[in-house]
Every structure is written in C-alpha cells, then in structure tokens.
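Here's the structure, in structure tokens; my notes come after.
Values quoted throughout were computed directly from the atomic coordinates according to the rules given, and no laboratory measurement underlies them. The structure presented is a predicted model; accordingly, all values stated were derived computationally and were not measured. Please note: Cβ atoms are built from the backbone with ideal geometry, for glycine as well, and neighbour counts cover all protein chains shown.
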Amino acid sequence: MVSIKYLPLLLLSLPAKAQLFGQANKQKQYYEQQIAAYNALRAELKQGYGIIKNGLGGIRDINTSELNAHTAYYNALKTPSAAVKNNSQVKDILKYQEYIVTLFSRISDESTYVKHVKAKVWTDCSHDLSDLQNLLSSQLQLSDDERLKRLSAIHAAMLDKYEFSQSFSNQLKTLAIQRQREANDTQTLTSLYENH
C-alpha cells in the first residue's frame, strides 16, 4: 500500500485531481451547451429556409396567377364578342355596300367626273369594309365598348356614303331626264323649222 510518507502528497493531490475532473466536467457541460445551441440554431435556420422557400413559392404562384389573369384578359380583347359580331350595324353596313354597288352599276353616264366619283366612293367603301373585317377578327386588341364605338363610326361613314350615292344617282337621273327633254325639244324644234 501507500506508505504514510506519501499520504500527505496523496491528500494534496486529491483536490488537484478533483479540480481536474471538475474542469473536465465543466468543459463537457460547456461543449454540450454549445452543441445544444448549434442544434437550436440549425433548427431555426431550417425553419427559416422553409419559410423563405414557401414564401417564394407563394410569391411565384401569385405572380403566375396574375400573369395568367392578364393573359386571359388580353386574349379576350382579341376576340370580339357575339354582341359585336351579331350587331345590327354590321348587317346595315353590308346592305349599304350592296346598295351603293347597285346604284352605281345602274348609272349609264360614263363621264370622267362620274367615273372619278364612283371610284372614290368604292375606294372609301372598301376601306370601311376592311376596317369592319379587322374589327370583327382577332387582329385588334379592343374591349367590346371600343369595338362598338368603332363599329358605330364605320356604320355612320357607310350610311353617309349610301346617302351620298342615292343623292348623286338621283341628281344624275334628273340630269339625264333634263338632257333627254332638251334633246326632244331640240328635235321637235328642228323638225318644226325644217317643215316650215
């Protein structure tokens, strides 16, 4: 066993060993606390990344649905509704065009002025019909209200051309009747003077 002479040394070394073991225990506790703190930090970071990921996914979903809504709206602007396509003004415009062609086809006067007027009216009608076709197709991005306003403008322009064509045709008929009367009067006078 330990001799007595070493006993005081042993007793003196016990607090040092106990202190050494106590420090090791404190060190162990400190490391355990740090590990626990790191684990808590890791859990919070994981939760934070999850929130960010879900938040960014939510923002992406909101942006996607917003984009889809805008796309649907603008696509709807390209397609005219049945209220526009079946509007009575569309049929009126086509009837006016038909009447104008019929009126001018009945005019027998082929003077330069009449030819010029006929060509100008037909060109303007052609532009109106082209505008109508664009309005009723998917080439323009317009709301129904905007389409109806343009349709009304085309209708008014075609009605104006129709009324002008009627008036012009009537004036030419009146002029032709007057010329015929003058020719008849001239012929009658000529035959009267020749007989006397």
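At-a-glance table
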read-out	value
Residue list for segment 130-139, filter: of a type in the set (A, V, I, L, M) and either outside any helix (DSSP H, G or I) or surrounded by fewer than 17 Cβ atoms within 10 Å (Cβ to Cβ) (or both)	LEU136
Among (1) closer than 24 Å to TYR74 by Cβ; (2) loosely packed, with under 12 Cβ neighbours inside 10 Å - the single one THR112 does not satisfy	(1)
Enumeration of residues in segment 52-105 that are in a helix (DSSP H, G or I) and hydroxyl-bearing (Ser, Thr, Tyr)	THR64, SER65, THR71, TYR73, TYR74, SER88, TYR96, TYR99, THR102, SER105
Top-ranked residue of segment 140-196 - restricted to ones that are within 38 Å of the chain's Cα centre (by Cα) and without any contact (Cβ under 8 Å) to a residue 24 or more places away in the chain, ranked as surrounded by the fewest Cβ atoms within 10 Å (Cβ to Cβ)	ASP145
